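See structure below.
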Amino acid sequence: MIELDHVTKRYGDAAVVDDVSLTVERGTIMVIVGTSGSGKSTLLRMINRLVAPTKGRILIDGRDTAGLPEHDLRRGIGYAIQGHGLFPHRTVAENIATVPRLLKWEKDRVDERIDALLAAFALEPGLFRDKYPHQLSGGEQQRVGVARALAADPAVLLMDEPFGALDPIIRDKAQEDLLAVQRRLGTTVVLVTHDMDEAFRLGHRVAVMADGRVRQVGTPADLLTRPADAFVSRLTGTNDRALKLLSVRPVGSVVSPGPADGPPLPETASLRDALSALLWSGARALPVADASGRPLGRVTLDAVLASGRVG
Amino acid sequence: MRVATALRLALVALLAAFLAAPDWFEPVFAPLTENGAPAIYRQASLLQLTIAHLGTVAVASLAATVVAVGLGIFVSRPAGADFLPLSRAIVNVGQTFPPVAVLALAVPAVGFGTAPTLIALFLYGLLPIFENTLAGLRQVPAAVLDSARGMGLTGRQRLVEVELPLALPVILAGVRYSVVVSIGTATIGSTVAARGLGEVIIAGLTSGNTAFVLQGGLVVGVTAVLIHDGLLAAERRAMAARASKA
């Protein structure tokens, strides 16, 4: 768990981050979203003290981060940034081994970890271990960057616009990978982005920042249905908010008993996907199945439409 | 590429032959002399003069490299940033102050011989190494440094493991340039009795013997070209070894 307790960062007279308090529950993804200059990156960088707070405390699992030497603190926190920041003079394996080596892990353990991470990010270890970053595609570099951040099994992972430099198709895959890895490892993730769709897709909770302050913190559905102010509703978008709302709710939430014809939808699919499938097939209802393919019931067009309505 | 290699090998062989047995080349230089003056410099062994010359350059360049790289690192740290303008001024003066004037000023302080030459070459060689060290450190991508810091590398670890390896090619280019310039400049050391190839040139100038001037100049020039190529090849080999290390 990460707790920010009345954290402020001033440069001269200007408060870049102004009295922010925020709690990130263990094992969840918190997305900080805002326009450029909102202070979101500064807020993130205060968690591993790349930026020193002017006022306030930051606690990780109850321990004040100010009580540790900076480099020790950072070795326990994963850090992935836009443009990946891989060391160009080191191989993929050496890059991933950076923090384990700093922590003086045994060589065998480091090697095992490298191969496990490469495999987890769909990079064939035998093929990629000894490559240099410039020999990789943008998507591969980004995956190695995240693998490197996770190398020493940190409880907390900080990500600053990690997918900002990727094209839409690769970004989509990268987001999917992150969700899968986060679910499996139970890592607490704080991710900064300016992309609202990314925030809604990844965040268990989303914090909207503007002018150094947090305007609203809540689940994606909260932000859509109960925006705290005009800024939040403008950022979340008003013209397609019904569709956005559908996209953050899973089919599993509106399953009703009964038969339906056609290809089954997975229960984890979003209601937006379900609506699309219903429109495309012209059916009033489609069957729903769980991950193993066991039928769970059906999703009706009326139920989907009702979910897109406020209240 | 193959032609260039063959040409270099031929040049090495020619230089070695001339230094080992200069008398063989007497017919080449004889047409440049008048009144039966000697065509080959015999007051000292050309080989020994070359070795002394390169020894002086090596010592001065090594000292200049240590100081200039050290200074470049220091002023690129937050603690040393305030000293950047001052360091740059000092190094610039070292480069613009004529080495001959340095010799004239150094002799009363340290006496005749190799010492004033070392001082002049040292000062003259600082600038390219210093500036290249700064440029090399500055071109390290910000994202690389940020992630190094974010992963918990200490300042020293960032310097040794990330910044210097990435700046190395640029630093080495500065060293190479400095060494080549020093090989030529070192000839003036002979005006204050430092042993070196300048001796041959100066003997030629004072006795009106073009053959001496030419052979001194040629040995200096060919040596500089070969050492430049040798350093370049060594740099490339080091980079290639690093890039293919697995």
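The values are calculated or read from the model by the stated rules, or taken from the named source; none is laboratory data. Quantities reported herein were computed from a predicted structural model and do not represent experimental measurements. Don't worry about glycine lacking a Cβ; one is built from the backbone with ideal geometry, like all the others, and counts go over all protein chains shown. Please note that ligands, DNA and RNA were not included when accessible areas were found on the heavy atoms of the full protein model with its side chains. Shrake-Rupley method; radii C 1.70, N 1.55, O 1.52, S 1.80 Å.
Just a few scattered comments:
- Global geometry of chain B, whether rounded, prolate or oblate, following the gyration tensor of its Cα atoms and the 1.5 cut on a/c: oblate
- Residues of the stretch A:215-251 with amide N under 18 Å of the 7 Å Cα→Cβ point at A:Ser281: A:250-251
- Over the stretch B:41-245, Cα pairs under 8 Å with separation of 6+ residues give a relative contact order of 25 percent.
- Value of D in µm² per second that Stokes-Einstein yields for the protein assembly as shown, Kirkwood Rh from Cα pairs, at 37 °C (0.692 mPa s): 113 µm²/s
- Think of the stretch B:115-246 as a dipole: +1 on every Lys or Arg Cβ, -1 on every Asp or Glu Cβ, centred on the Cα centre; then among B:Asn209, B:Ala240, B:Thr133, B:Ala240 lies furthest on the positive end.
- Straight-distance crosslink candidates among lysines, where the alpha carbon sits under 21 Å from A:Lys107 and sequence neighbours closer than 8 are dropped: A:Lys131, B:Lys245
- Karplus-derived HN-Hα couplings along the stretch A:264-279 (A = 6.51, B = -1.76, C = 1.60, θ = phi - 60°), whole Hz, x at Gly and Pro: x, 8, x, 5, 7, 4, 7, 5, 5, 4, 5, 4, 4, 5, 5, 4
- At the listed q of 0.22 Å⁻¹, the Debye profile of the stretch A:124-225, built from one uniform point per Cα, gives log10 I(q)/I(0) equal to -1.29.
- GluC sites (Glu not before Pro) within the stretch A:35-121: DSSP coil, no more than 15 neighbouring Cβ in 10 Å: A:Glu106
- Nearest-20 debye value, the protein assembly as shown charge dipole, Cβ charges on Lys, Arg, Asp, Glu: 460 debye
- Cα-based helix-to-principal-axis angle, B:99-110 vs chain B, degrees rounded to 10: 90 degrees
- Distance-filtered residues of the stretch A:22-37 - backbone nitrogen under 18 Å, label point 7 angstrom along A:Ala230 Cα→Cβ: A:35
- From phi via Karplus (6.51, -1.76, 1.60), per-residue ³J(HN,Hα) for the stretch B:168-180 in Hz, x at Gly/Pro: 3, x, 5, 4, 4, 4, x, 4, 4, 4, 4, 4, 4
- Pairwise centroid distance, computed over Cα atoms, of the stretch A:249-281 with the stretch B:55-119, Å: 77 Å
- Under 5 Å from the amide H of A:Ala210 lie the amide H atoms of A:Arg215, each residue being 5 or more positions distant or on a separate chain, with H modelled from the backbone and absent for Pro and chain starts.
- Within straight-line cross-link reach of A:Lys55, lysines at Cα separation under 26 Å, skipping those fewer than 8 residues along the same chain: A:Lys9, A:Lys40
- Principal-axis tilt of helix B:2-20 within chain B, Cα atoms, nearest 10 degrees: 50 degrees
- Dipole magnitude (debye, nearest 20) for the stretch A:1-97, charges at Cβ of Lys, Arg, Asp, Glu: 220 debye
- Three-way shape label, chain A, alpha-carbon gyration tensor, a/c 1.5: oblate
- Amide hydrogen proximity for A:Gly56: with H placed 1.01 Å from N in the peptide plane, the residues at 5 or more positions away or on another chain lying under 5 Å are A:Thr8.
- Dipole magnitude (debye, nearest 20) for the stretch B:41-245, charges at Cβ of Lys, Arg, Asp, Glu: 360 debye
- A:Leu185, B:Leu105, A:Leu202, ranked by accessible area, largest first (probe 1.4 Å): B:Leu105, A:Leu185, A:Leu202
- Between the Cα long axis of helix B:84-96 and the first principal axis of chain B there is an angle of about 10°, rounded to the nearest 10.
- Heavy-atom SASA rank of B:Ser190, A:Ser137 (probe 1.4 Å, accessible area, largest first): A:Ser137, B:Ser190
- Span from the the stretch A:153-204 Cα centroid across to the the stretch A:1-20 one, whole angstrom: 24 Å
- The stretch B:180-198 and the stretch A:62-81 have Cα centres lying 56 Å from one another.
- Per-residue HN-Hα couplings for the stretch B:150-162 [Karplus 6.51, -1.76, 1.60; θ = phi - 60°; Hz; x = Gly/Pro]: x, 8, x, 6, 6, x, 5, 5, 4, 5, 6, 8, 10
- Cα gyration tensor category, rounded, prolate or oblate, for the stretch A:171-311 with a/c compared to 1.5: oblate
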